[in-house]
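The values are calculated or read from the model by the stated rules, or taken from the named source; none is laboratory data. Please read all numbers here as calculations on a predicted model, not as lab measurements. With ideal geometry, Cβ positions are generated from the backbone for all residues, glycine too; neighbour counts draw on all protein chains shown. Ligands, DNA and RNA are excluded from the accessible area calculation, which covers all protein heavy atoms including side chains. Shrake-Rupley method; radii C 1.70, N 1.55, O 1.52, S 1.80 Å.
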Amino acid sequence: MLALGHCMAFVDRNLPAVAAPLLKADLGLSDTQLGLLDGPAFVLLYVAGMLASWPLARSRHRFRLLAGCIATWAAGMVMFAFGHAFMVLVVARALVGLGQAAYVPLALSLIVEYAATAWRARSIAIFTAGAAVGRSLSLLLGGLTLALFARWMPGSGFAHWRLLFLVMAAPNLFLIVMLLRRAELPHTPLPSPREVFRQMLAAFRERPGVMCAYLCGAGASVLVVQAVGAWAPSVLHREQGLAPAVAALMFGTSLLVVSPLGYFIAGTLVDKRKKTLSPMVIVMCAMLLVVPLLDLTPRASSAAMACGLLALTSMMGGIAALATLAGLPSMLRAPLHDAGLRIFLAFTTMTGVALGPFMTGVVSDGLGMGGHGLSSALRSVCVCAAIVGMTAALLARTGWYRAAIETTS
């Protein structure tokens, strides 16, 4: 059920990427503005809400709180659908971000609290796979819905994207009812916020270099996933000549196959790793493969080839991101898991979700090459992130081992 909510969150979160060609044509938005809607506008309240909602982790009514989170981001979807000015769209995206801000850490805390240690990474992989499926369904269902609108209502023009957001917001009502009917689980008392803050600060001071490198590796991984997910349909539309609906359907189908597979591979490797295979080794290998995949994308000879390369790039980024997320609890003692996850998610959201789509749009506009420069911009941004990720993972590798051993001892 928690994974289903995560899936719904990513369906709604990624709809601007599906509707990007229509938004650009209808409202005259630049690539930079589209990147702003995909990234910084969503992150505007996401990070603040994630950190401010920390006290909610102590509540006895966590399922009701999760239902309230979904209702908040559904309201943002409706607001986006009726927006006629760019700033209204920015505010609507911020409201979606605020609703999703508390959902993910609350759900992850439940999973970490109740999953057996030997299955923790795979349990997190199932939850995270919900995001991959949601990103794919956003493209598949969004593309299919736009195609049906174009067939049934050809005279409504660019209003199709508004109807898209309204239709995709409706299924959230079903999940809200499911969560409200769910019996609350017993909650393990947490230390006081002051004590948790003191312990987190002590853990960071004990190994600041390792913590910073670990977070940088995670942020770089998420940046690759978010940048590719936001701009891949536009690359297929502009450079391969596919219609927006067809581009979304093709890329969504590819992600639906490869992304969950990548998460399950990473989760299994982390759970069953040998002493020589830490999460950081997984990050280094995955980020290394990102470079040749993106280097081939601008030279793709067909839409199928370009789609496959982009999907595999997203898969590699997802493997690296899941490895860092699943490996984090091993570095922290149990009372610090919730706070650590929130800090982790806040950092990766700021670096990955905010910067990835936005910087790609800025670089694309700066290249001045029109549609043909988009894949080159995506390559430039993601390859730089991959290099940072590999370097950070190499620096954090030994420190992660030491922290994991000390935590379990």
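With the convex hull of its Cα atoms as the shape, the stretch 70-212 has an orientation-averaged projected area of 12.6 nm². Equivalent ellipsoid of the stretch 1-122: semi-axes from √(5λ) of the C-alpha gyration tensor, largest first, are 30, 15, 12 Å. Which shape class applies to the stretch 225-341: rounded if a/c is under 1.5, otherwise prolate when a/b exceeds b/c and oblate if not, where a ≥ b ≥ c are the square roots of the Cα gyration tensor eigenvalues? Verdict is prolate for the stretch 225-341.
Sorting check: for 136-147, 235-246, which peptide has the highest mean count of neighbouring beta carbons within 10 Å, and how do the rest follow?
136-147, 235-246
A simple rule links phi to the HN-Hα coupling: the Karplus curve 6.51 cos²θ - 1.76 cosθ + 1.60 with θ = phi - 60°, which for the stretch 349-362 gives 5, 5, 7, x, 5, 6, 7, x, x, 5, 5, 5, x, 4 Hz, with x for Gly and Pro. In this Cβ point-charge picture (+1 for Lys and Arg, -1 for Asp and Glu), the chain has a dipole of about 940 debye about its Cα centre.
Mean shadow of the stretch 66-149, computed from the convex hull of its alpha carbons, in nm²?
6.6 nm²
Taking 0.692 mPa s as the viscosity and 37 °C as the temperature, the Stokes-Einstein diffusion coefficient of the chain based on its alpha-carbon Kirkwood radius rounds to 155 µm²/s.
Equivalent-ellipsoid semi-axes (√(5λ), Cα gyration tensor) for the stretch 128-272, whole Å, largest first? Don't jump to the answer; show the numbers that get you there.
Numbers: eigenvalues 298, 107, 46 Å².
Value: 39, 23, 15 Å, ordered largest first.
Other residues lying with their Cβ under 12 Å from the Cβ of Arg299 contribute a combined charge of -1, Lys and Arg counting +1, Asp and Glu -1. Loop-located trypsin sites (Lys or Arg not before Pro) in the stretch 56-159 (DSSP state other than H, G, I, E, B) with a sparse environment of at most 12 neighbouring Cβ atoms within 10 Å: Arg60.
Under the combined filter of DSSP loop state and at most 15 neighbouring Cβ atoms within 10 Å, the stretch 292-357 retains these trypsin sites (Lys or Arg not before Pro): Arg333. Is the C-alpha gyration tensor of the stretch 189-292 telling us rounded, prolate or oblate? Criteria: a/c under 1.5 is rounded; beyond that, a/b larger than b/c is prolate, otherwise oblate. Note, shape of the stretch 189-292 comes out prolate. Ranked from largest to smallest solvent-accessible area, with a 1.4 Å probe on the protein heavy atoms, Cys285, Cys69 come out as Cys285, Cys69.
I want the local charge near Thr128. Using Cβ-Cβ distances under 13 Å, sum +1 for each Lys or Arg and -1 for each Asp or Glu among the other residues.
Residues near Thr128 contribute +3 overall.
What net charge is computed for the residues neighbouring Leu34, neighbours being all others with C-beta under 11 Å from the C-beta of Leu34, Lys and Arg scored +1, Asp and Glu -1? Residues near Leu34 contribute -2 overall. Coupling constants for the stretch 119-136 follow from the phi torsions by the Karplus curve (6.51 cos²θ - 1.76 cosθ + 1.60, θ = phi - 60°), and in residue order they are 10, 4, 4, 5, 5, 5, 4, 4, 4, 5, 4, x, 5, 5, 5, x, 4, 5 Hz; glycine and proline get x.
Ignoring ligands, DNA and RNA, what percent of the accessible area of the stretch 328-409 is carbon or sulfur (1.4 Å)?
Values: 2280 of 3270 Å².
On the stretch 328-409, the fraction of accessible area on carbon and sulfur atoms equals 70 percent.
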